[in-house]
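Written out below as structure tokens is the structure these notes cover.
Read-outs: derived from the displayed coordinates by stated rules, not from any lab. As the structure is a computational prediction, the values presented were derived from the model and not from experiment. Heads up, the Cβs are rebuilt from the backbone with ideal geometry, glycines too, and the neighbour counts pull from every protein chain shown.
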Amino acid sequence: MRARDYHLPSLPHWHRPHGGEQRWPVSFVVAIVIALQFLLPKSLSLKVQPIICIVEAILAIALFALNPGRISAHRSGRWGLGVALTGVMTLSNISSAVQLVQNLINGNVKSANQLLWFGGSIWLTNIVVFGLWYWEFDRGGPGARAQALNPYPDFLFPQMTDQRYAPEHWNPSFFDYLYTSFTNASAFSPTDVLPLTRWAKALMMVQSATSLITVGLVIARAVNILR
């Protein structure tokens with residue numbers, strides 16, 4: 001059901017059409033992640049990692065070229081391109097995380113500094129990747145949120161519970177989803193933003209488990225090396 005089917009005064013303050021958010025903050029963060037993935041050593045990345053980074057860069061540039069300004073409307077083609085970019089980044093980071101765990105188990109990482117750098121890079125990428133998933137799927141994506149196409153949120157932000165907590169027509173932006181991803185990866189559980197739908201809960205479970213395994217093994221191994 002579209003926003004025009006609703007009587008606007010009855011809508012929640014966060015569920016009304018708005019001008020959309022800027023594309024450039026997302027593109028900037030994606031560029032940082034691509035650089036981090038490119039700088040990982042061969043032992044922690046796929047043999048075709050340079051090609052994967054090139055594909056990611058092409059997808060990111062295409063998205064920015066198609067919509068360099070505000071994301072004010074849902075376009076299935078652009079949305080699909082964004083999901084494809086996030087999917088490629090996710091597969092690349094999962095591969096790096098798996099190989100990091102294998103290297104830790106086999107004792108191939110001898111330097112604590114290298115271990116913390118590589119583990120931190122994978123952990124940071126994990127935060128950005130899941131932040132992108134939350135941003136791309138909550139209420140149909142940024143364009144759908146701008147048009148207020150879906151009345152049911154997948155994530156409940158504190159500002160949604162009481163209009164006194166935010167300005168009129170407040171809507172979550174990419175930074176809000178990035179923050180949600182960071183707190184979930186740090187606390188291994190939701191904090192102030194609650195998942196409402198099953199897919200949101202499943203994604204947060206996967207992220208928490210991935211973060212717990214990565215951080216737990218990296219810290220334990222780093223402590224042993226420093227001793």
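Among 74, 169, a tally of other beta-carbon atoms within 10 Å of each Cβ gives an order, fewest to most, of 169, 74. Axis of helix 112-137 versus longest Cα principal axis of the chain: the two differ by about 20°, to the nearest ten degrees. Is region 19-226 rounded, prolate or oblate when judged by the Cα gyration tensor, a ≥ b ≥ c being the square roots of its eigenvalues, rounded requiring a/c under 1.5 and prolate requiring a/b larger than b/c? Because a/c hits 1.5 or more and a/b fails to exceed b/c, region 19-226 counts as oblate. Using only Cα atoms, tell me the angle between helix 76-106 and the longest principal axis of the chain; keep it within 0 to 90° and round to the nearest 10. Orientation of helix 76-106: about 30 degrees from the principal axis.
Cβ-Cβ distance of residue 91 and residue 168, R₀ of 35 Å, FRET efficiency by 1/(1 + (r/R0)^6): the value works out to about 0.30. The packing ranking of peptides 137-145, 158-166, highest mean first, is 137-145, 158-166, where packing means the average number of other beta carbon atoms within 10 angstrom of each residue. Remark: spin-label model distance residue 191-residue 65 equals 3.9 nm, labels positioned 7 Å along the Cα→Cβ axis. For the chain, the longest principal axis of the C-alpha atoms and the axis of helix 49-66 are separated by about 20°. For region 28-98, just say rounded, prolate or oblate: build the C-alpha gyration tensor, square-root its eigenvalues into a ≥ b ≥ c, call rounded for a/c under 1.5, and beyond that prolate if a/b exceeds b/c, oblate if not. It comes out prolate by the Cα gyration axes.
Work out how much length residue 212 to residue 42 would gain on full extension: take 0.36 nm times their residue separation and subtract the Cα-Cα distance, in nm to one decimal. Write down the numbers at each step before the final one.
Numbers: separation 170, 0.36 × 170 = 61.20 nm, distance 2.37 nm.
That pair, residue 212 and residue 42, stretches by 58.8 nm at full extension.
The residue list 174, 152, 43 was ranked by how far each Cα lies along the charge dipole of region 19-226 toward its positive end, using unit charges on Cβ atoms, and 43 comes out on top. Couplings 3J(HN,Hα) of region 34-41, computed from phi: 4, 5, 5, 5, 5, 7, 5, x Hz, in residue order, whole Hz [Karplus 6.51 cos²θ - 1.76 cosθ + 1.60, θ = phi - 60°; x for Gly and Pro]. Contact order, relative form, for region 19-226: 24 percent (alpha carbon pairs under 8 Å, 6 or more residues apart, mean separation divided by residue count). Farthest towards the positive end of the charge dipole of the chain, among the residues 59, 204, 20, is the Cα of 59, using unit charges on the Cβ of Lys, Arg, Asp and Glu. Taking a ≥ b ≥ c as the square roots of the eigenvalues of the Cα gyration tensor of region 58-167, is the shape rounded (a/c under 1.5), prolate (a/b larger than b/c) or oblate? Verdict is prolate for region 58-167.
Taking amide hydrogens as placed 1.01 Å from N in the peptide plane, the amide H of residue 154 sits under 5 Å from those of 139, each at least 5 positions away in sequence or on another chain. Taking trypsin sites (Lys or Arg not before Pro) across region 17-121, the ones in a DSSP loop with at most 10 further Cβ atoms lying within 10 angstrom of their Cβ are 47, 110.
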